[in-house]
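Beneath this line is the structure, given in structure tokens, with notes to follow.
Each reported figure results from applying straightforward, stated rules to the coordinates on display, with no laboratory input. This structure is a prediction, so every number in the text was calculated from the model and none was measured. For neighbour counting, all protein chains shown are included, and Cβ atoms are generated from backbone atoms with ideal geometry for every residue, glycine included.
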């Protein structure tokens, strides 16, 4: 089957492979280990996990403060220089994930990785070696904790878990734990001068204003949530969705969270024909972030100043 799995998927051909071997990969010493490996350019040789400091370019491919983007791929029937493991005929590969995708624990990047693996067109013959796909970017947003002593970033971690199976009992399980940790001395409120800026930097930027979402008008919407543009595009503006317009909703209705379509979108509390929950293709925003959006709207959605008691606050 020279054409079926003889090359990396053209759609995901950005993964650079060393001559005849996969890039750095998480693996254990067992006879079936080469049947699949979870790969990552940021994974040091021999390491079994990635601990990435936010904005470290050796592991974080994104310059946004407060979120790590770490590239991950998958290889099957990987070359084993030690000769402990031989390629096998493989039939299936599964990236562990919580279903359905409406569950808050579902990881959409895991689903993207699964789709990439599916493009390899299993089953694979024993002669199909070093078949790889990737990279897929794992998004790991740092948590922002607000307390009486100020604000702090908290680490975020997740584990990629893959299982491959084939004929005659071929079976291999690999895991790759990944952590995003804050840079020393980083303060999530250091460059924030209002609740709106808190939302722009720590809610909209990591999730809503990605390149394919609300970084500018797209084919299916006109909403831009870039810093400096979010207030103008949200407050007092009618939504693009016709059903929401007919219901009299605004994107943000100052002082009226119950009539603000943005909040409906974030909560997923949508009527028929009002579209999908946002952020689309990602897990639901944490409750504390939705609560901050709701408090900001209830306070009149101000362009300047702080909403008392939640989020970043003015420095005494």
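Spin-label model, residue 233/residue 108: points 7 Å from Cα along the beta carbon direction are separated by 1.6 nm. With N as its number of residues, segment 230-316 has a Cα radius of gyration that, divided by 2.2 N^0.38 Å, comes to 1.11. Put a dot 7 Å past each Cα toward the Cβ at residue 49 and residue 304; how far apart are the dots in nm? That separation, rounded to one decimal, is 4.6 nm.
Here the gap between residue 155 and residue 291, fully extended at 0.36 nm per residue and compared with their Cα-Cα distance, gives a gain of 46.9 nm. The distance from the alpha carbon centre of segment 134-181 to that of segment 238-256 is 37 Å, rounded to a whole number.
Globularity index of segment 152-198 is 2.10 (Cα radius of gyration / 2.2 N^0.38 Å, N = number of residues).
Between residue 92 and residue 247, the simple label model (points 7 Å from Cα in the Cβ direction) yields a spacing of 4.0 nm.
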